[in-house]
Structure formats: C-alpha cells, structure tokens
Amino acid sequence: MKLVRIDESLYLNPESIGAIKDDYLGTNIYLTGSDKPIETSVEIKKVLDAISGSEEHSITSKDGGDIYFSSKNITY
C-alpha cells in the first residue's frame with residue numbers, strides 16, 4: 001500500500017481518490033464512492049504533485065502491508 005502526504009495531518013491512498021476540485025480556500029478531494037469532500041487548505045498543485053508520485057510526499061510500507069499512524073510515531 002502507498003500513502004501520500006497531503007498536509008501535516010492528511011495522508012491518503014492515491015488509488016482511493018476519485019476526484020479533485022480547486023476551491024478558493026484550497027482543494028477539495030473526493031474519495032471514490034463519496035460525494036463529501038475532504039477539504040484542505042493546500043493548493044491544488046501540491047495535491048497533484050503528491051498524488052502523481054513526488055517522493056517528497058510518499059510513504060510506502062516495506063512489506064506491502066498496512067501503514068499505521070499514531071500521534072507520536074509512524075510504523076510502517
């Protein structure tokens with residue numbers, strides 16, 4: 001599984017993203033099968049960079065398994 005870092009508190013699997021919409025306050029990200037957006041203040045260019053595979057935004061598990069987050073550390 002691969003996750004991309006959108007902002008300091010938002011990580012998404014790029015395969016689950018159905019649509020992205022530019023908004024005057026930032027970017028709305030719609031997950032596949034959902035009509036409610038995830039709203040972020042990040043500009044759309046940075047969101048697209050993250051989704052397109054920029055290494056700066058990427059986190060991949062070493063064994064292809066799940067990635068777990070906690071408030072103090074990241075285990076993958």
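The values are calculated or read from the model by the stated rules, or taken from the named source; none is laboratory data. Computed from a predicted structure; not experimentally measured. Ligands, DNA and RNA are stripped out before the accessible areas are found, and what is left, the full protein with its side chains, is counted by its heavy atoms. Shrake-Rupley method; radii C 1.70, N 1.55, O 1.52, S 1.80 Å.
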**Request:** Leaving ligands, DNA and RNA out of it, work out the accessible area of Thr32 with a 1.4 Å probe and give it in Å² to the nearest 10.
**Result:** 100 Å²
**Message:** Need one value: the accessible area of Glu39 in square angstrom, 1.4 angstrom probe, rounded to the nearest 10.
**Reply:** 140 Å²
